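*Asks:* One structure, as structure tokens, below. Some questions next.
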Amino acid sequence: MKKATITIEKHTGSFAENKDKAKQLRIRHIIPALSEGKGVILDFAGVSGTTQSFIHALIAQPIRQFGDNALENLEYKNCSDIVKEVIKTVYEYMQESLNNEDET
Amino acid sequence: MKITLSTSDYLRNFERLISSLDFSEPDQLTIYSHPKWLNVHPAVLTLITALAIKVGKSHVKFADLTASSGSYLDRMGLFNYTAQQSPYKINKKEAAGRFIPIHIIKNSTEQSKFISDMIPLLHLPADKADAVKYTIGELIRNVLEHARAKEGAIVAAQYYKKSNTIRIGICDSGIGIRSSFLQFWPSHTDTDIDAIKWALTPGISGTTRKEGGTEENAGAGLFFIKSMAKVARNYFMIYSGTGIYKLLLHDKRTERPRLQVNPNDDRHSERNDAPYFQGTLVAIDLSLDNNVEFTELLASIREVYSNAIRERKKRKYKQPKFI
């Protein structure tokens, strides 16, 4: 399966906090690729840190929209420890709230 | 409007500054000060700047500014918001400590530039820089997204060598926390302090009634910042409308302060009778001494945050009908 790679640092610099950029990447690249069933690699090389609101704006909607397919098809490369922790946070609470939506 | 600066306007005794605030006569601002010595938290400067912008430069006046340490107000750029000239002569080019003078940020491009420019000004080590970027980034973003403040976010910060702490203030003259939560959470916004505490609750966003937020907002920002202050045993304060919530210092004998979901459970002070401030002021002290790695801190906050959402979810479970 072909995978699209998005180099985050090119869009955000070394600290990824600009939610407008996250939204652009989500709308222009991540959602179209997932819609076509493609995998997406988010490459964080050169990004030392990020904020929860940036990662939320980047991947929360794809997870909500595509559910398990998003969790399967999104991959993260060259993440610093901080970036990893923030991504793990968004994964955890998004899955909690997904389950929540299923039941209500 | 009147405000009086003293010899120790830090978060520890912020109540003194609040008691000096007088928002009557809203067309002019007079700043009084201690005649001999001034020490002010950067948050105080951002508050004064917000008030000064509201009344306009020509209506801002310093009365009896005689303290030699008042030159700090000049160095931090406060006189850019007054028609009155600074009585101090400072060489702005000389290296003079680690501070971020008052900045106004109106959009995300300016925010990104500010965040990349500020770290060299504070001379922070790389391992501490991300926590500071994180805090300032999230707080500015809150203002830009939710405050509807025409003049944007007003930011200032200062490094204090003695306490090895970065003190940060972010202020806006927007709609205030209560108004931004009123649409979706009317039952939690009877008063300003209710709204502030609701905004500190994990998973609650002013942009939706859905717990866990929308594609743009998770309702996590302020909870994360409060938690960072708590683990680092630092002050954190929000002033909006007539409400003030202040996280108090945690007992140093406790090895690791426990993160709380409900802001009522944190050691804090609160009031809902402060002079009405149209807007929001957030102040935080970030200690660089604490040995908790930022990644470790994020992991702890994640655990508490996810548990909070899980627990709330459980409360919605239907119970069996035993007859």
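Derivation of every value follows stated rules applied to the coordinates shown; laboratory data play no part. What you see is a predicted model; the values in this text were computed from it and never measured. In this analysis, Cβ positions are derived from the backbone assuming ideal geometry, glycine residues included, and neighbour counts consider all displayed protein chains.
*Asks:* List the residues, sorted by chain then number, that are 5 or more residues from residue A:76 or on another chain and whose placed amide H is less than 5 Å from its amide H.
*Replies:* A:42
*Asks:* GluC sites (Glu not before Pro) within segment B:229-302: which are DSSP loop residues with at most 16 other Cβ atoms inside 10 Å?
*Replies:* Those that pass, being in a loop and sparsely packed, are B:255, B:293.
*Asks:* Still on this structure: Return the sequence-ordered ³J(HN,Hα) values of segment B:115-128 in whole Hz as given by the Karplus equation 6.51 cos²θ - 1.76 cosθ + 1.60 applied to θ = phi - 60°, using x for Gly and Pro.
*Replies:* Result, rounded to whole Hz: 5, 6, 7, 6, 5, x, 5, 8, 6, 7, x, 3, 6, 9.
*Asks:* Could you go through segment B:276-284 in sequence order and give the Karplus-derived ³J(HN,Hα) for each residue, using 6.51 cos²θ - 1.76 cosθ + 1.60 with θ = phi - 60°, rounded to whole Hz, and x for Gly and Pro?
*Replies:* 5, 10, 7, x, 9, 10, 10, 10, 8
*Asks:* Let me ask something else about it. Evaluate Rg over Rh across segment B:1-119, taking Cα atoms for both radii and Kirkwood's formula for Rh.
*Replies:* 0.96
*Asks:* Can you give the log10 of the normalised intensity I(q)/I(0) at q = 0.18, 0.26 Å⁻¹, computed with Debye over equal Cα scatterers of segment B:245-323?
*Replies:* Calculated log10 I(q)/I(0) at the listed q: -1.02, -1.37.
*Asks:* Still on this structure, I have one more. If you take the C-alpha gyration tensor of segment A:1-68, multiply each eigenvalue by 5 and take the square root, what semi-axes do you get, largest first, in whole Å?
*Replies:* Result for segment A:1-68: semi-axes of 20, 14, 9 Å.
*Asks:* State which entries of A:88/B:318; B:197/B:313; A:19/B:197; B:162/B:230; A:21/B:313; A:38/B:318 exceed 27 angstrom in Cα-Cα distance in the structure shown.
*Replies:* A:88/B:318; A:21/B:313; A:38/B:318
*Asks:* Between A:12, A:50, A:89, where does the largest GNM mean-square fluctuation fall for chain A, given springs only between Cα atoms within less than 10 Å?
*Replies:* Comparing A:12, A:50, A:89 in the GNM, the peak value goes to A:89.
*Asks:* So, one more: Out of B:170, B:244, B:309, any idea which swings most in a Gaussian network model of chain B, alpha carbons joined below 10 Å?
*Replies:* Answer for the Gaussian network model of chain B: B:309.
*Asks:* While we're here: Can you list which of the chymotrypsin sites (Phe, Trp or Tyr not before Pro) found in segment B:248-323 are DSSP loop residues with at most 14 other C-beta atoms within 10 Å? Show your work: numbers first, answer last.
*Replies:* Numbers: sites: B:276, B:277, B:294, B:305, B:317, B:322; in loops: B:276, B:317, B:322.
Those that pass, being in a loop and sparsely packed, are B:276, B:317, B:322.
*Asks:* State the percent of C-alpha pairs, over all pairs in the protein assembly as shown, separated by a distance greater than 29 angstrom.
*Replies:* Working: 41789 of 90951 pairs.
Summing the P(r) tail past 29 Å for the protein assembly as shown gives 46 percent.
*Asks:* Something else: Give the angle, between 0 and 90 degrees and rounded to the nearest 10, that separates the Cα long axis of helix B:221-231 from the longest principal axis of the Cα atoms of chain B.
*Replies:* It is inclined by approximately 80 degrees.
*Asks:* Tilt of helix A:52-66 relative to the longest C-alpha principal axis of chain A, in degrees (0 to 90, nearest 10)?
*Replies:* Value to nearest ten degrees: 40.
*Asks:* Using Cα atoms only, what is the angle between the long axis of helix A:81-103 and the major principal axis of chain A, expressed in degrees (0 to 90) to the nearest 10?
*Replies:* 20 degrees
*Asks:* If you don't mind, another one. Explain nothing, just compute: Karplus ³J(HN,Hα) = 6.51 cos²θ - 1.76 cosθ + 1.60, θ = phi - 60°, for every residue of segment B:242-248 in order, whole Hz, x for Gly and Pro.
*Replies:* Residue by residue, segment B:242-248 yields 9, x, 9, 10, 10, 6, 8 Hz.
*Asks:* Next question, about the same structure. Say the dipole of the protein assembly as shown comes from +1 at the beta carbon of Lys and Arg and -1 at that of Asp and Glu; which of B:239, B:125, A:24 then lies farthest toward its positive end?
*Replies:* B:125
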